[in-house]
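Everything on this sheet refers to the single structure shown next.
The values are calculated or read from the model by the stated rules, or taken from the named source; none is laboratory data. These numbers come from a predicted model, not from an experiment. Positions of Cβ are generated from backbone atoms using ideal geometry, with glycine treated the same way; all protein chains shown enter the neighbour counts.
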Amino acid sequence: MQLWAKWVRPNCKRYIDLVSETGPFNEAFVWFVCVNVVKVDRLAAFLRTVSDDDDHLQRHETVVKARAVVAFHAGAYDEMYRLLKGNQFSTSNHAAMQSLWLRAHYRQAERSRGGRPLDAVGKYRVRRRQV
């Protein structure tokens, strides 16, 4: 069993054991790992192992979504904004991506205020600026 196989939820380990350990990852497997990896640092490590040569796999919605989540948690908001602006997402992911977008803007606004948390009016002002 490879190192990344320990990173997924315990009830998903059977699927990992069924996957061949030879050759590049296929689209279904990458989707499965991106959806089921629980910790962001482990997701980032897995995404680094995905081949950069496969452009189709790099543009897959689940991979882009996972990369955006990793960028958000790393504080790389410009990278996250670039990923979200440059890709189209299915309607089932719109709410999650919009929430990620707003949370990043809230964090940036809090930083600019010296770390003070935003109140409801502050969040409204951030949302209004982003429309």
Query raised in the report: Of the residues that make up the stretch 89-96, is at least one over 13 Å from the mean Cα position of the chain (by Cα), in a loop (DSSP other than H, G, I, E, B) and of a type in the set (S, T, N, Q)?
Result: yes
**Report entry** Selection count where residues are surrounded by fewer than 18 Cβ atoms within 10 Å (Cβ to Cβ) and out of contact with any Lys or Arg (no Cβ under 9 Å at 6 or more places or on another chain), scope the stretch 36-56
**Finding:** 12
Query raised in the report: Taking the condition more than 14 Å from the chain's Cα centre (by Cα), free of Cβ contacts under 8 Å to residues at least 60 places away in the same chain and surrounded by 11 or more Cβ atoms within 10 Å (Cβ to Cβ), does ASN26 pass?
Result: yes
Report task. Could you please find all residues in the stretch 34-76 being in a helix (DSSP H, G or I) and either in the same structural domain as HIS105 (by TED's automatic domain parsing) or of a type in the set (Asp, Glu) (or both)? Result -> ASP41, ASP55, GLU61
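Taking the stated definitions as given, is ARG103 in contact with a helix residue (DSSP H, G or I) (Cβ under 8 Å, 6 or more places away or on another chain), under 24 Å from GLU61 (Cβ atoms), part of a helix (DSSP H, G or I) and in contact (Cβ under 8 Å) with a residue 24 or more places away in the chain? Walk me through it before giving the result.
Details: in contact with a helix residue (DSSP H, G or I) (Cβ under 8 Å, 6 or more places away or on another chain): yes; under 24 Å from GLU61 (Cβ atoms): yes; part of a helix (DSSP H, G or I): yes; in contact (Cβ under 8 Å) with a residue 24 or more places away in the chain: yes.
Yes; evaluated as a whole, the condition is true for this residue.
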Requested in this report: Could you list, in sequence order, all residues of the stretch 112-126 that are under 23 Å from VAL69 (Cβ atoms) and either assigned by TED's automatic domain parsing to the domain that holds HIS73 or surrounded by 12 or more Cβ atoms within 10 Å (Cβ to Cβ) (or both)?
Outcome: LEU118, LYS123, VAL126
